Structure formats: C-alpha cells, structure tokens
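Values in this text are rule-based calculations from the coordinates and carry no lab data. Everything numeric here is computed off the predicted structure, so don't read it as measured data. Here the Cβ is made from the backbone with ideal geometry for all residues, glycine too, and neighbour counts use every protein chain on show.
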Amino acid sequence: MNAPATAHIFKARPTTARRREKTSFWLFRAATYLVLFCGAAVFATIVVKGSRSVFQAKAPFINTTFFTEAPESLYVFEYQGKKMELGDKAYRAFKAQNPDAATVKTESYVYSAGGIFPCIVGTVLLVVGSMTIALILGVCAAIYLNEYARDGRFIRFIRLAILNLAGVPSIVFGLFGFGLFVLFFDWNVSLLSGWFTLAFMVLPVVITASEESLKSVPKGFREGSLALGATKWQTIRKNVLPYALPGILTSSILGIARVAGETAPIMFTAAYVVRDKLPWDVEKFSDFFFQGVMALPYHIYVVSSKIPQNEYTERVQYGTAFVFLMIVALVATTSIVLRNHLRNRYKW
Amino acid sequence: MASSSTPTTISFLSRKNRFRLFGLTLDDCIRTFFGGNALISVVVLALITFFLFKEGAHFFAQNDRNLRIYRQAGLEYVDFIRTQSDDHTALTRSLSDLRVRTLNELTQKQNRPLAEANAALAGFDAFAGQFSDAVDPLRSLVSDLTEQATEIKTKFIVAGDKQEERNQLLAAGKTAEAGRVQIAVINFQEELKPLLATLPAYREANQAFATQLKAVMATAPTLPTPELQGRMDKFKAHTRDYLATFPAVEHKLETWDYLKPVPFWQAFTAFIFGREWLTASFWQDWYGVIPLFVGSLMVSLVALLLAVPLGVGAAIYVNQIASLGEQRFIKPCIEFISAIPSVVLGFFGIAVLGQALRALSQFTWLSWVPGFPFSERLNILTAGCLLALLAVPTIFTLAEDALNNVPRAFKEASFALGANRLQTIIQIIVPASLSGIISAILLGLGRVIGETMVVLLCAGNRIAIPDFTAGLGVVTQPVHTMTGIIAQEMGEVVRGSIHYRALFMVGLVLFFLSLGINYLAQRIVRRYRLSIG
Amino acid sequence: MVIADPLSMDTRSSVPTPRPTMGTSSLATAGDSSAPASEILIDIEHLDFFYGASQALHDITLQVEAKKATALIGPSGCGKSTLLRCLNRMNDLIDGTRIGRGTIKIRDVEINGRDIDVIELRKRVGMVFQKSNPFPKSIYENITYGLRLQGVKTKAQLDEVVERSLRAAALWDEVKDRLHASGLGLSGGQQQRLCIARAIAVEPEIILMDEPCSALDPIATAKVEELIHELKTNFTIVIVTHNMQQAARCSDRTAFFYMGRLVEYAETRTIFMNPGNPQTEAYVSGRFG
C-alpha cells in the first residue's frame, strides 16, 4: 500500500471515545490484577514466613517434630550466659539436671514449642467424617431433585430451603450444632457433633455440585435406557450415576476445602484448645465418636489471639497457618484441575 | 380400562406381579428414600430456627426480670444521677482535648518552648480544674447510692437463688430439706426508703453544683486563635445546655416510682434497640444488640465498598475484555483466593495487615485521609479490607455468570451499530445483567456479614457504637460484631443464663438477617429472568 | 423372549392367527408373512393430548397394522412425535403432559390404564431416537444392557443375542472385531444402527422410530432405510419422518398430520400418488411445510 495513510475511509483515528475506552480497560485490568495481587500477597507472606518453621537447612529438610509432636509450652531463659529455648519436656529434664535453673528468670509461651500433629489428625478426622455424611445425604437429595422430582410447589420449597441453607452464616451453624447435638442429644463437644454440624453446613454445596453433574449426563442415556424397559432405579444406577459420579466427587472436593477451612462451626461443637490424648487413645470403640479433637483452624485462632506475637511465638503461628493453607490450597487446586480435566474428557 | 377386558389380557402388562412393600413397589420405595434425603435441607433449616428459638426464647422472660429488678432495686434511680455526673465527665474530657489543641497551637505553630506554653496555659488549667472539681459532691452521692442499690439487688438475687434451690429440692422429692431453705422476702418499699431519703441531699448537692459551674464559667479564659476560641464558645454553649437539664433530672427523681410497671415489650425493645451491650458487670447488665449490629454493618459496608468495584470490575474485565489466555489464568486464581480459609486471613490481619495499615496512617503526607493517623491496629478498616478479599470471589463468580447470560445477540447488535467495546459494555451488557450483578453484591454482603473469624480477630472487639462524629474517620475505630460476640462469649457463659440466651438471640437476628438478604437476592434474580425471557 | 413368552401366549389367544414367536426362530425365518394384513396391533381412538394447557393432539383415531411400517409425516410441531411417544408412554417423563380423552390400545390392552406396568410396556415397545444415543459403554454392553436388566446373565445367551441383533441391524460385519470398543467411537450412522440393534435385542413387538435418519448423511440413511425394510418382516414399525421420500420408500401406510390433527391416513402409495385431501397434496408435493 503506497497510498498515503489518510487515503481510505476506514483509517483508524484517535478519538475521545477510543481514548476513553483504552483508559477504562486499563482501570478494569488494574482492578483485576489488584485482587490477584492481594491474594498473592497473603499467600506469599504466609508461605515465606511459615516455611521457615516447616523446612530446615539440614536433612531431612523438613522439620519433622513440627509434624509429629503435640503443642508444648516454650520456655525462654538465659543460663550461664547462654540463651536457651526449650519445650516443656526438655525444660523439665533440664531443670532436673541443673537444679539452679529453676531460679533463673524464665519467660514462657504456651503452644509455642512442639508441633501440630494432633491438630492435623483432628482436622483430617473432621473432614473425612463430615464429607462422608454430606456426600451420602447430598447425592441422594440431588438424585431425587434431578431424577425423580416433578416441578411443583414442594420441589420449589425444597430448592428454596437449599438456597437459604447456603446463605446461613457458619457461626449460626455452630450455635445450631451446639443447641442440637451438644446439648439436646447430649453428645457433648465431640467428633460426632462436629461431623453433623459441618455436614449440614456443606450440604448445599454438595447438593448443587451433584445436581450439576447429574444434569450434565445427557437425557438420551435416560430415555434410551427407559425405552429398553429399565426401571427408573436401574436407569439411574447403571446409566446415570456412573457417569455423574466423577463430577460429583471432584466438585465435592471444593466442599472439603470449606469444611476444613471453617472455624466457627466447630468452636463449640468439636474443637478443644488442647488435648493430650490422640483420638485413637480410647478405652472403648464408641468413645472414639464422643471425644473432642484439636483442629488446625481452631489452633490458628488460639495461637493468633491468645498468645502475644514475638519472635518465639511467630514460629508456631506462621507454621500452623502455612501447613493449613497448604492443605486447603492443595485440595482446592486438585478440585480445579480435576474439574477442568473432566470437562475436557466428557463431551457427549 | 383393562379390567373390562378378559382376564387373560389383564395379566399382560399388569404391574400387580411386582415385588411390593407396604403396597409400594421397589421403585416407589427407592423414590421415597431419595425424597426423604431431599427433605433434609428443609428439616435442617427448620431445626436451626427451632433450636435458636428454643435456646433464645427464654431471654425475654429473663430480660424482663432483669429490667424489673433494675427498677425495683433503685438502680434506675441511681442511674439518673449517674448519667448527670457522666455527662459532666464528657464535658471535662472535651475541655482537656481543647487544652491539647491549644498547647499544640502554642508549641508547634507559634514555636514557643514547652515550659512557656504551659505557663501561658496556667489560667486555662485553673479553670479546667475548678470545672472538673465542681461535680465532686454529686459524685460522692452517686457512689453512696450505688452501694445501697447494689445491696438491695444482691439481696434479691440471693433470695432468687434460694428459691431456685428450694424448687430443685422439691423437684428431687426432698421436702424436708426444702422446708429448711430460708427465703428472705424483700420488701422493696422498706429497702428503698433510705435511698429515696437522699433526695433533699441531692437537691442540695445539685444546687451547689449548678452554682459552682456557673461561677466557673464566668472565669473562662480566652484562647489565642479564633478557631480555638470558637471551640471554647461551643464548649460554653454545651455547658449551658447541660445546666438547663438539671431541673428535668430533679423532676425525674421526684416522680420516680419503683412500682411503675415495666411493660412486657420493653424486654424486647431493650434488646433490639438497646444501645449498650454490657455483661458481667457489678451494676447492671444490658443486652442491646445495636452496637454489635452497627459494628457488623460498618465492617460489611467497608468491605463491600472495596469489594464491589474490584469484584464487578474484574468480572467485566474477565468476561468482556480479557484474552482467552488471561481468562484461563485469572478465573482459577480467583477461585483459589476464595479457598483461603477465613481464619488464615484473620491471622494475616493480626500479624501483618493491621500493623501495615497503622504504619501507613502515620505518614504525614497521608494525614489528609479522614481518620488518619490511628493508633488501634485492629479496627473496622483492617477487618473490612480482609473481608473484601473474601467477598471478591463471591461477587466475581456470580457477576461473571450474570454477564455470561446476556444473549450474544445484544452484543452483536450493538457492535453492528458501530459502538465500540466500552460503549457496548456500559450501555448494553451491564444494564442487561444489572439485576444479576446486584444480587451478586447482595450475596457478597450475606457472605461478609456472616463471617466470623476475620472480624473476631481483626475488628478490635470494642463493644461500643463507633463515634460517627468523626465523619469518614469512623472506619479507623475498633468495633465488635454480632458474629464475633457469639464466637467470643459463647464458650464462657453459663448455660441457661440470660447472657447465654442473649447470644442465641443475636444468632437468631443473624439468621434472619441472612435469610432476608438471600430472599432479596433471589427476588431480584427472578425478576430479571422474567424480563429477559 | 424368555419372560415375555408366556404373556404373549395369553394375548395371542385373543387374535385368530398365531403370530410367530419373537424368539430365535422368528429372526431366522425372515420373509415369513403369515400374519394377515388386517391384524390391528395398535388401536388409537379419539385421542386428545395436552402439554400443560396447550393441546398437542386433537381427536386422533388411527390403527396400526402388525408387521407393517407405518410412517407419520407432517410439518414440524404437528404432533407426530408426540403421538409416537404416547405409544410407549415416554411422555410420562415430561412434566405437565396428560391425555385428555381417548384410548390407546395395544393388543386390546389400554396402555394408560391404572394397572399398567410401564416398564413391561417399554420392553415390548422399543424406541429409536432422533439423535443416536449409545451409552458410553462398549458395543457389547450397549446391546446386552436391556437383557441384563431382565436378569439374563449367561454368557452364551448374551453372545448369541449380540450377534443376532447386530446382524439384524446390519452392523455385525462392521463391528464384529471390536465388540468391546466404546459405542461412542462409531460413526453417526453406525451409532444409530447400534441403537436399533440395542432396541431389537430385547425383542420388542413394536419399534418406534423418531426421525431416525435426521442426523445422518445420505449413505447412512440409505442403510438405515434398508434395515427398516428388513425389520418389518418381524417387527411392527412406526416411524416419524420429515423426509417424504423416506416415508415413500420404506413405509406401507402413511399418516399425515397437520396442526395436531390427523388429516389423512392411507396406503403410502395413495397418500403420495392420489391424496384425498388438498392439504396432504400440498404437503407431499412440497408446497408447504
């Protein structure tokens, strides 16, 4: 094109509208990346500071005590010109060896030594139990809503209830669990109370996810099966559920992130600030269900609000937050990746 | 129809030969089983309502009793005088605030040495001292009366405990022991006599107080700048108004009657409209939800103010402007943010953000921002910022959905008419999805107002209505919230106590608030669907 | 079919001529046409049908003869698919549908009666859908699906049915080496014939076809049409089609529907050569629709 640039009528010209468009697009872009930046900032801070207490320079590079021990108090004192930081057990042993150590001025910080093993165990138990309950109830409910129910007042009512249940604040679930399970059923602060409270909390998530997966199974599968003389249940069991199940499970992983992440519902129903015994140290089997546990989110709450912040306590504070964030992040990533994978795989 | 045919044809296609349980075929049973599961969400919702009511409903009876004893034991009477004395304290505080300002003016603007400035303020100090001392006779009267009233109240409570003990014994069948429990009958009229007898003494003290104040006011010093003098004049006007209330207080005391019934609805209004939440106090407990409600509302508003532009902006960007690659990157990232547990965010607020914001507020070049600088690192702003990060993914996802639902044809038609992308977005796409976006914002509000851990850790937990006279600077004050108070106090209260029930009532308020928000969001969406299809 | 046989013995007693049993033998004896042309298998009388408030079918009266292919033609929305889905009560799956008046009898049994087992009905009235819908299972499993539901487990029996059905659907030669490959891996025409094979496997008496070729290319269509031609020696076929040539090629009788009413029903030849109704003539000659 040798013609001068102004020759043709469709030549792009700088106009006010164009400038305005460009500016506002940059604003939108800035808003988007600001959000991502904030998220990244939170994540990075906790990862950077937390990895210090989780990883170490020497082999095996992971601070194993942090993962295998129970929380202990930390004692900080100066002895014979040397600065000592000892956990509860070590401190007692030290005092037994050096009786004069008892007279040295000592600062103590609760929960700041040892590890978080019981919290991890407790969180895993809570998640497994509550998700099992929620999946059974949620999938069955979704099957009814998607396969059996006809549109009507009753179904609209149920859907409304599910929608509203999803909006109930988690602390209200905590109060409810406390009123129903802890007090009325007299289960006390226990795994069982926590399981049901959490299960009811994620129920809407599971139902919605399951229904979506069931909906994505083409109608032809159902019609084809019914036209061959299968009963409704045979159709669902053989020709709908198998194809919906992967979707149900992946979407429900997001529910796991929610269950693991919530603190408010377990505060009064399942979580103990500190408990010496591990959950499997029970006399009889049934006691297992009726014991409270320590849980990671509650532990974070305790260590960030009940003990002062300084160089000694920071280790456990950031360390716990880091481990917890990693677990939840791992779960969430798995869910997101699996779902995208699934979307690409099933295209009928 | 088939019954009219021959018997042989009935068996063809008949369903009678199928397995049955209670007259239902297997399929019906399965259907019923699944239906039962679907009902669970309804049942849970009903149970939540029921148990919140069950634990909370007694609150009103207990609060009614609480309010009645407040009147009958004369606490109310004493509080009239106490309020008067507290108002004076507030005036004294504003006076000392004025002194700080004047001192700043003298030392910083006029560059006088500190000693000289203090010397220049000697007249002011004498005035302030006299002003604050004037209340002393009244204050000592209040402290005497407080003791008397507390004594009456204690007697009453002890009697109540004994009654309870007897009832328990009777319920356990131990009649003899029950008979031995001594219950003192409280004659309020007799008990209140010495209290009420102090009225002449009050009148006298009040008279002296008023005279003293008037005398002091005459000696009020003049201040160096017109601005400070203006404040002084304002202070004088306040004092005059204060003095004018004295006869009213006296009248209230004269006409006060411990027998005046406490209306039954007061137990309710004292909760819903009560401006004080005061528990475990030696004097009188108040359970007013307003400070908590305002706290929750302020935190949520700040969060939404930040989250709405960011969330909706990001949704528009991702849905309409971003390239496919960007979309693939941004969407999972935002989803990922929504997975960050709130307690971790709360911890981040305590450990990092609170201090960072406080440090930011200390910069002098930022002092024009209302409320800056502030000293409380945990406040509305800190909590609001973190909650915004929680609300953004919710708002983003739902708003993006709404934008996605706008028919392509709208967009194409707009382009075909020569509109550019921005014009199309603003004039066609956003209006078409507006109700979806609004409901996204509402659901974001629901998410934020129900959030517990962030506000518990980061809102500062001061139970008071923030001081709105600070204008926009109000966001740098600490507050307590409805969710926070439940989480904080539930673990410590005695089961069945009025405090315990009050917390359930707060939960009930929260529950209905979230239902209301949800309902509104759904209504808006439904209307939107009708208008499109 | 093993289970259906005693029942069909009963029903057969009401019609004068015994029809060949729908067993192995019947497929082997292709070309056998012992049943008289007059045997009425499906008898629809004064049928009114509603979707919610709107009436989709008005006063339909139609008799379908056994061992014949009957085509239902007409413009979109004329109710032909609706009528087809009435015949095995697939409309039950759609909310708000109801029959206002009239009866549908198959072998003199009112299929909308209270004590009708829909499952049993659907076993005897198979269906092939507009969009081929093989299950995402292997070819073998697709075909044995219906039998397994009825409790047939013997491998030999299943193998035999698979081969027989695939042969009947003219698909055997194409897929016999990959019976355990996914049914979704077949081409469109093969998928549709797989669906037909699947329907045949449960040995229905009637096969309903809802525009079975509308998503297929001409070659695949030709194969399916050929198949229909062969199938009608053993099955009663009701086919809904948009394609008038198709109706002309493979059906014995044709019913023309318009606006939910049955306009004309006669021998296919009559409908196309010498229609009695001006609307029919306009439609078949391509002037509207």
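A few remarks follow.
- Residue by residue along B:483-489, Cβ atoms of other protein chains within 10 Å of the local Cβ number 4 on average.
- Taken over the alpha carbons of the protein assembly as shown as equal point scatterers, the Debye sum produces base-10 log I(q)/I(0) values at 0.09 Å⁻¹ of -1.22.
- Among C:P212, C:P278, C:P204, residue whose mean-square fluctuation peaks in a GNM of chain C (springs only between Cα atoms under 10 Å): C:P278
- The stretch C:176-217: projected area of the alpha-carbon convex hull, averaged over directions, in nm²: 3.6
- Neighbouring Cβ atoms from other chains, within 10 Å of the Cβ of residues in B:500-513, number 3 on average.
- Note on the stretch B:242-284: Rg/Rh from Cα positions, Kirkwood definition for Rh, rounded to two decimals, is 1.07.
- With both labels modelled 7 Å from their Cα along Cα-to-Cβ, the A:F288 to B:W368 distance reads 6.7 nm.
- Dipole size of the stretch C:163-226 about its Cα centre, with +1 on Lys/Arg Cβ and -1 on Asp/Glu Cβ: approximately 240 debye, rounded to the nearest 20.
- Per residue, the convex hull volume that the Cα atoms of the stretch B:47-127 enclose (Å³): 158
- Packing-based ranking of A:287-293, A:260-266, C:140-146 yields A:260-266, C:140-146, A:287-293, ordered from highest to lowest mean Cβ neighbour count within 10 Å.
- Across the stretch A:48-158, Cα-Cα pairs more than 24 Å apart make up 55 percent of the total.
- Stokes-Einstein D (µm²/s) once Rh is taken as the Kirkwood radius of chain C over alpha-carbon pairs, at 20 °C in 1.002 mPa s: 110
- D_trans [Stokes-Einstein, Kirkwood Rh over alpha-carbon pairs] for the stretch B:296-532, 37 °C, 0.692 mPa s, µm² s⁻¹: 168
- Rg over Rh [alpha-carbon atoms, Kirkwood Rh] for the stretch B:381-500: 1.20
- Annotation: Cα Rg of the stretch C:181-289 relative to the compact-globule expectation 2.2 N^0.38 Å equals 1.16.
- What you get for chain B, charging only the Cβ of Lys and Arg (+1) and of Asp and Glu (-1), is a dipole of about 2040 debye around the Cα centre.
- Computed over chain B, Cα set: Rg, Dmax in Å: 32.9, 122
- Spacing of the two label points (7 Å from each Cα toward its C-beta) at B:A119 and B:E147, in nm: 4.6
- Where only DSSP H runs of four or more residues are counted, chain B gives -22500 deg cm²/dmol as its mean residue ellipticity at 222 nm, each run worth -39500 (n - 2.57).
- Per residue, the Cα convex hull of the stretch B:73-267 amounts to 177 Å³.
- The packing ranking of peptides A:23-30, A:163-170, B:93-100, highest mean first, is A:163-170, A:23-30, B:93-100, where packing means the average number of other beta carbon atoms within 10 angstrom of each residue.
- The ellipsoid equivalent to the alpha-carbon distribution of the stretch C:140-199 has semi-axes of 18, 11, 10 angstrom, derived from the gyration tensor eigenvalues as √(5λ) and listed largest first.
- Chain A: calculated mean residue ellipticity at 222 nm from DSSP helix runs of at least 4, using -39500 (n - 2.57): -20500 deg cm²/dmol
- Three semi-axes of the equivalent ellipsoid, the stretch A:89-220, Cα gyration tensor, whole Å, largest first: 49, 17, 12
- Cα point-scatterer Debye curve for the stretch A:72-114, base-10 log of I(q)/I(0) at q = 0.27 Å⁻¹: -0.95
- An ellipsoid equivalent to the stretch C:118-258, defined through the eigenvalues of its Cα gyration tensor, has semi-axes of 25, 17, 13 Å when rounded to whole angstrom and sorted largest first.
- Look at the Cα gyration tensor of chain A: its axes a ≥ b ≥ c give a/c of at least 1.5 with a/b at or below b/c, and that counts as oblate.
- Average beta-carbon neighbours from other chains, 10 Å sphere, peptide A:22-32: 6
- Most fluctuating residue given options C:N133, C:N274, C:N234, as computed from a GNM of chain C linking Cα atoms under 10 Å: C:N274
- Length gained on full extension, B:R328 to B:K162: 52.7 nm, using 0.36 nm per residue less the C-alpha separation.
- When the convex hull of its Cα atoms is viewed from all sides, the stretch B:210-338 shows a mean projected area of 17.9 nm².
- For the protein assembly as shown, the Cβ-based charge dipole about the Cα centre amounts to some 2420 debye (Lys, Arg positive; Asp, Glu negative; other atoms uncharged).
- Sequence-separation-based contact order of chain B, relative, with Cα cut under 8 Å and 6+ spacing, percent: 17
- On a per residue basis, the convex hull of the C-alpha atoms belonging to the stretch C:220-262 measures out at 75 Å³.
- Ordering of B:213-224, B:132-143 by packing [mean C-beta count within 10 Å, highest first]: B:132-143, B:213-224
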